[in-house]
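Chemist: If you scroll down you'll find the structure; I have some questions about it.
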Amino acid sequence: MKFKQFLQTCIHKIKSFFRKLREHPYSKKALSAWKTGKIQQSSRIGYDVIWNIVLFFLIIGVIGAFFAGGVGAGYFASLVKDEPIRDYENMEQNIYNYEETSSLYFANDKYIGDVRSDLYRQEVTLKNVSEDLKNAVIATEDEYFNEHNGIVPKAIVRALVQQATNAPMQSGGSTLTQQLVKNQILTNEVSFERKAKEILIAMRLERFFDKNEILEAYLNVVPYGRDASGGNIAGIQTAAQGIFGIDASEVNLAQAAYLAGLPQSPSYYTPFKNSGGLKGEEGIQPGLNRMKSVLERMHEAGYITKSQFENALSYDITTDFTDESPSPVEKYPYLTVMAQQRAKGIIQEHLAKEDGYTMEDLQNDDKLMEDYAIRADRALRQNGYDIHTTIDKKTHDTFQKIVQNYEHFGPDWTGYVTDEETGEKKKITQPIQTGGILIENKTGRIIGFVGGRNFNKDSQFNFAFQSKRSNGSTMKPILTYAPAFEQGVIQPGTPIADVRKTYSTPSGGYTPHNYGGGYHGIVPARKALYNSYNIPAIKIYDKIRGKDPVSEFLEPMGITSIRDNEYTHLSLGIGGTTDGVSVEENVNAFATFANQGKFVDAHLIEQITDKEGNVIFEYNPDPVDVFSPQTAYLTVDVMRDVIDRGTATYLQSQLKYNHVDWAGKTGTSQNYKDAWFVGVNPNVSMGVWIGYRKGKNIRCPSCSLSYSQRNEKLWAQLVNAASDINPELMAPEQKFERPGGIVTRSYCAISGKLPSDLCKEAGLIKTDIFNAKYVPTEKDDSLIRGSYVIVDGKAVLAAENTPKEFVEGDGITFNPEFLKRKGYDQLNDPSTLFPSTNRKAWEKIGLPQSDVSNKVVENDGKKPSAPGAVKASGSKLTWNQSSSSDVVGYRIYQAKRPNSSFRLIGNTTGTKFTFTDKKAVYRVKAVDYFGLESAASKEVLVGDFSKSENEKSGHSNNAAEGNQQNENTNKNSGSEKQ
């Protein structure tokens, strides 16, 4: 409003005053007397004198008024000379730029609470504020609100007089418009300059905004003291909720009057203490008195009737005060803290992006990162974001109750640990902790989680998201088996020898051991995984580690905590890590198998909107191809056996919904410090970890359940409860879908190749599923028939034509070439290759001597040389060995008398033979590798023959005593059977 308009308003007020004065009864009588001339006649001289005096002062007054007005206008102009002329956009931005608390929500828009802040405020539109409340505010704060143009001059004058005379302030001089300007554009400074600017801006504000816009802004700005929890509150909606537990649209007349009276002195009139909770009776009374004053003003202004006034006065508003309730951080500590952290990170990236920066820019500039972190934290607490999480309220609430009531965690641990800051030993007592998380596979939504057993006692540490622990054998599927399946190095049926092996390392030697000790012989990869054997896993990882499976598979699944110098460590293949992984990371990686090999990043924040409803963030799944669908299915199929017949069979007795197609993996870290179980079904993935925060052995001899069962039982209780709440999601009827490219094939259990006749004869054919790309194409060569023969003092593989009577073994034996190729020839005891399963069939396979040679015997086509110096002594026949190098044995022939026909009576690989016939003629022939016989040796007569027979034959007699069998027949010499 310009000064000219202000002056016109003053003149109008003066004219109105004189008009009312003229119409007064006494004024009319005096005027009537004046008109009759009585007064003039009786007091002509007095009248002239008085009139001249009055006229003089009127002239002086008018001149003085103009002079004072000019001086005042000039002074006013000097006070506001530096105030810029504000346009609509500038003023709109200022009056609506009030701090508003960000709010957190469960999934499906269920309210959690507000982000922890120094001031809580929730915006509301005027249409959602009750009429009684609007009227109460106007009647109390600005009775001429609907008529004035931003200021009320007489109120300003009255306030100035009261201030100049130091009189008590009966009412303020500021309109609602001025108060809005003071709060949102100017400051609370007490000065004429600030007041002059306030008046100027208030009049300008009224030109741009209507009364409803001004009133709405005012109601969202004004402070209202504290809520039941002791938090500072501002804005009428937050006040209604914080004091009465209802919306601003629902307040009754008495409640409206109470709220409208608070802004005059919020901390004095509020019914709640700074620390939370209701004040005493004496502390509440000022607010009640203030409420009565507001009702009186409403009645005087005509907003309420006398009856409404009296009813409101008699209303007991103290019964409406809301009870002290825990803040969101107190009720959902793990959730609210983690949601705020995740939201802060998202907002940080959003603010940086608005300024043209990427997160990579921030990561490369510590100062920039810190700056945007501070800005994001401020924005989170002041910008009124609505933060929508993925958490299902009912599931999450149930998870917390289960953990609080779970009885099988195990005992607390008391002992000495090293203080990380001082390095000194200190005695502590710590409970077994837990962390768990439930993720929807296809979307990555975190449906619920367990952050720990007690937020405050756990130093506000979240074991589901923050704790990094060795994941033990749960690493095997994601880093070892699945990558090996993907690369075709193994398939589920691939045989692997679980036998002792020592690896050379820079620090010496590494000899891995199995959980529980012992070895298991040749087992399929499937069995090695579902029984969680360490040695086969390390052998597999040793084959693939040169291809960097960490970068190719593990990191794309969100596990980025593996250090560069750990990649080549064999123990990494079984979960031996320096830093470890979080429960979130581990479960998220497993979900990849349920997603047909596609990784979907798990997320806690679904959407963030600003206070205008604009979406600044919305999670959109961006699947990353990590494994082929075939590899994912093979891994899932093997992990089914973990529950069906492996290390997690205990779960079968614990699961309520037995039809669900679950697959999973147990895990134990070194020294039994951690126990894991991660399970997946077609819809969700769930993982649970238990362990001490300061890693200590969690085994408990006195507990009714093993450490692994204690963890699995907790997992089952969480899954059963979540399935009761949402059976369609948690307990689907459908099974894991088998993709194309998966085929069933038979293979030899020794080599993994196509079955040979000998493998079939041995009863060692097995069947499993394969990726069609990697089905076996070669026939098994692990077995041979005929075993070996001794040639020139050395064991040599028998050939097809090698005489069978000289071959050692049971007819089927390991192929030494196969043993050498697999490195099994280095075993001290080859029988350790025999597994416990189907052991009888394995034991029928002969084990060749350790000195079996792969030497190839050349066929010279010649008969071997005959043995020499044959003689009989007693019941034994002896001779010298043949001079030929390819002889494998000797055949012994007998005749009843000289010059009669000979028949074969025995054979031996040695140079001795025990005979039984005490009267006979004997001779020996050498037999070579290819079955050729030598010429007969010189004949030897044993027993008494007639002279004529001897003379005819030319033989001499050699007495001998009969014995029974050839003592030199080698029966599996040098071999062992188990």
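Each reported figure results from applying straightforward, stated rules to the coordinates on display, with no laboratory input. Keep in mind it's a predicted model, so treat the numbers as computed, not measured. Glycine also receives a Cβ, built like all others from the backbone with ideal geometry; neighbour counts cover every protein chain displayed.
Chemist: In the range 868-958, with Lys and Arg counted as +1 and Asp and Glu as -1 at Cβ, which of these residues, 922, 935, 885, has the Cα nearest the positive end of the dipole, that is, farthest along it?
Modeler: 922
Chemist: Can you compute the modelled spin-label distance between residue 855 and residue 368, with each label point 7 Å from Cα toward Cβ, in nm?
Modeler: With each label point 7 Å from Cα toward Cβ, the separation is 7.5 nm.
Chemist: Additional query: Filter 110/279; 331/394; 598/713; 862/925 down to the pairs with a C-alpha to C-alpha distance above 24 Å, please. Please list the in-between numbers first.
Modeler: Values: 110/279 31 Å; 331/394 14 Å; 598/713 29 Å; 862/925 14 Å.
In this structure, 110/279; 598/713 lie more than 24 Å apart at Cα.
Chemist: Please find the FRET efficiency linking residue 407 to residue 211, where r is the Cβ-Cβ separation and R0 is fixed at 60 Å, and quote it to the nearest 0.05.
Modeler: Numbers: r = 64 Å, r/R0 = 1.07.
Result of the calculation: an efficiency of 0.40.
Chemist: Give me the one-decimal nm value for the distance between modelled label points at residue 503 and residue 767, 7 Å along each residue's Cα-to-Cβ direction.
Modeler: The two pseudo-label positions are separated by 3.6 nm.
Chemist: What is the range 425-730 by shape, rounded, prolate or oblate, if you read a ≥ b ≥ c off the alpha carbon gyration tensor as root eigenvalues and call it rounded for a/c under 1.5, prolate for a/b larger than b/c, and oblate otherwise? Please list the in-between numbers first.
Modeler: Details: a/c = 1.43, a/b = 1.25, b/c = 1.14.
Rounded is the answer for the range 425-730, as its axis ratio a/c remains below 1.5.
Chemist: Can you put 703, 748 in order of Cβ neighbours within 10 angstrom, beginning with the fewest?
Modeler: 703, 748
Chemist: Within the range 328-342, whose backbone N sits under 13 Å from a point 7 Å along Cα→Cβ of residue 377?
Modeler: From the range 328-342, the list is 341.
Chemist: While we're here: Could you name the aspartates and glutamates whose alpha carbon sits less than 13 Å from that of residue 273, not counting residues in the same chain fewer than 8 places away?
Modeler: Qualifying aspartates and glutamates at Cα under 13 Å: 227, 281, 282, 323, 324.
Chemist: Beyond a 29 Å Cα-Cα separation, which of these cross-linked pairs lie in this structure: 134/306; 673/822; 393/457; 401/426?
Modeler: Details: 134/306 19 Å; 673/822 35 Å; 393/457 23 Å; 401/426 33 Å.
With Cα atoms farther than 29 Å apart: 673/822; 401/426.
Chemist: Next up: Hand me the GluC sites (Glu not before Pro) from the range 421-518 located in a DSSP loop with no more than 10 other Cβ atoms within 10 Å, in residue order please. Intermediate values should be presented prior to the final figure.
Modeler: Working: sites: 421, 424, 440, 486; in loops: 421, 424.
Sparse-neighbourhood loop GluC sites (Glu not before Pro): 421, 424.
Chemist: I would also like to ask the following. What's the local net charge at residue 619, with K and R +1, D and E -1, over the other residues with C-beta under 14 Å away? Could you put the intermediate results ahead of the total?
Modeler: Numbers: positive: 342, 442, 445; negative: 349, 440, 601, 606, 618, 622.
Result for the neighbourhood of residue 619: -3.
Chemist: Quote to one decimal, in nm, the extra length available between residue 700 and residue 794 on full extension: 0.36 nm per residue of separation minus the C-alpha distance between them.
Modeler: Numbers: separation 94, 0.36 × 94 = 33.84 nm, distance 5.65 nm.
My answer for the length gained is 28.2 nm.
Chemist: Can you put 921, 688 in order of Cβ neighbours within 10 angstrom, beginning with the fewest?
Modeler: Working: 921 22, 688 28.
Sorted ascending by nearby Cβ count, the order is 921, 688.
Chemist: Please give, to one decimal in nm, the separation of the simple spin-label points placed at residue 738 and residue 671, each 7 Å out from Cα toward the Cβ.
Modeler: Label at residue 738, label at residue 671, 4.6 nm between them.
Chemist: Fewest Cβ neighbours within 10 Å first, please rank 367, 918 accordingly.
Modeler: Values: 367 8, 918 14.
With the sparsest Cβ surroundings first, the list reads 367, 918.
Chemist: Take the cross-link list 804/855; 476/694; 820/844; 539/820; 442/694 and give me the ones stretching past 28 Å between alpha-carbons. Could the numbers behind the result be given before it?
Modeler: Working: 804/855 19 Å; 476/694 24 Å; 820/844 20 Å; 539/820 17 Å; 442/694 35 Å.
Long pairs (Cα-Cα over 28 Å): 442/694.
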